[in-house]
1. Determine if the stretch 97-110 includes at least one residue that is at pLDDT 95 or above, exposed (fewer than 12 other Cβ atoms within 10 Å of the Cβ) and over 20 Å from Y15 (Cα atoms).
2. Where in the stretch 54-138 are there strands (runs of 3 or more DSSP E), lying wholly inside it, with at least 3 residues that are more than 30 Å from I2 (Cα to Cα)?
3. Just one of the numbered conditions (1) out of contact with any helix residue (DSSP H, G or I) (no Cβ under 6 Å at 6 or more places or on another chain); (2) surrounded by fewer than 17 Cβ atoms within 10 Å (Cβ to Cβ); (3) more than 20 Å from D45 (Cβ to Cβ) is not true of I147; which one?
4. Name the residue, out of K161, K145, that is among the charged types (D, E, K, R), assigned to a helix (DSSP H, G or I) and without any contact (Cβ under 8 Å) to a residue 60 or more places away in the chain.
5. Do you know which residues across the stretch 123-154 are closer than 17 Å to K95 by Cα, in contact with a strand residue (DSSP E or B) (Cβ under 8 Å, 6 or more places away or on another chain) and not acidic (D, E)?
6. Does any residue of the stretch 21-43 turn out to be surrounded by 12 or more Cβ atoms within 10 Å (Cβ to Cβ), within 17 Å of the chain's Cα centre (by Cα), among the hydrophobic types (A, V, I, L, M, F, W, C) and within 24 Å of E131 (Cβ to Cβ)?
7. When you scan the stretch 52-68, how many residues do you find that are within 24 Å of G35 (Cα to Cα) and touching a Leu at 6+ places or on another chain (Cβ under 7 Å)?
8. If I filter the stretch 48-65 down to residues being under 14 Å from the mean Cα position of the chain (by Cα) and crowded, with 16+ Cβ neighbours inside 10 Å, which single residue comes out as farthest from C106 (Cα to Cα)?
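The values are calculated or read from the model by the stated rules, or taken from the named source; none is laboratory data. Every value quoted in this text rests on a predicted model; they were computed, and no experiment measured them. Methodologically, a virtual Cβ is constructed for each residue, glycine included, from the backbone with ideal geometry; neighbour enumeration extends over all protein chains shown.
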Amino acid sequence: MIYRLTASQIVSLLYYKADDIVKQEPVSSEILYEGKRIHSRLGFDEPQQYRRFYFDEKTKEWWLIIGCPDKVDQKNGKVLELKTFQTARISDKVKIVGIVQVNIYCWLTGLPNWELWGYSSYSNKLFKVEEGSYFIDLAFQSIEKAIQLKLALIDFHKTYKEIAEGSKK
């Protein structure tokens with residue numbers, strides 16, 4: 001069996017899944033739409049989807065990793081990621097999420113460098129947050145941890161379903 005994970009799912013599992021469990025309200029569709037609109041307006045709307053297989057040594061399973069970077073600069077060998085936020089400054093968490101995500105995109109595209117950009121809706125400003133070279137260990141550690149979390153969620157769902165079906169009898 002081949003499992004699938006997207007770059008967005010990876011960062012969601014690593015950084016937002018606990019928030020989803022304890023938060024009362026999910027991110028509104030209006031905020032998500034606004035983020036997509038800003039990405040498009042600023043030219044961070046790359047249509048190309050990249051796919052690459054990753055073999056997980058622990059499970060001995062192949063995983064198809066899929067991602068659509070915000071912007072790819074083939075000429076300069078860079079992947080660009082844009083994070084939007086509603087505060088004056090980018091939070092440390094959003095910065096870390098962006099760096100992890102852009103390193104996964106570098107692995108998917110084969111490009112050696114990245115740039116993380118931020119857009120503050122609060123101050124209506126676009127700025128470069130950080131740039132660097134692709135760090136393969138960060139990409140692989142992130143993918144491996146997300147695989148463990150995904151499998152734990154699959155196992156939990158399966159157990160929950162069995163318990164729920166057992167209580168109906």
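1. Checking the stretch 97-110: at least one residue is at pLDDT 95 or above, exposed (fewer than 12 other Cβ atoms within 10 Å of the Cβ) and over 20 Å from Y15 (Cα atoms).
2. 78-85, 113-120, 125-133
3. (2)
4. K161
5. K125, L126, F127, K128, V129, G132, S133, Y134
6. no
7. Adding up the residues that qualify gives 2.
8. I65
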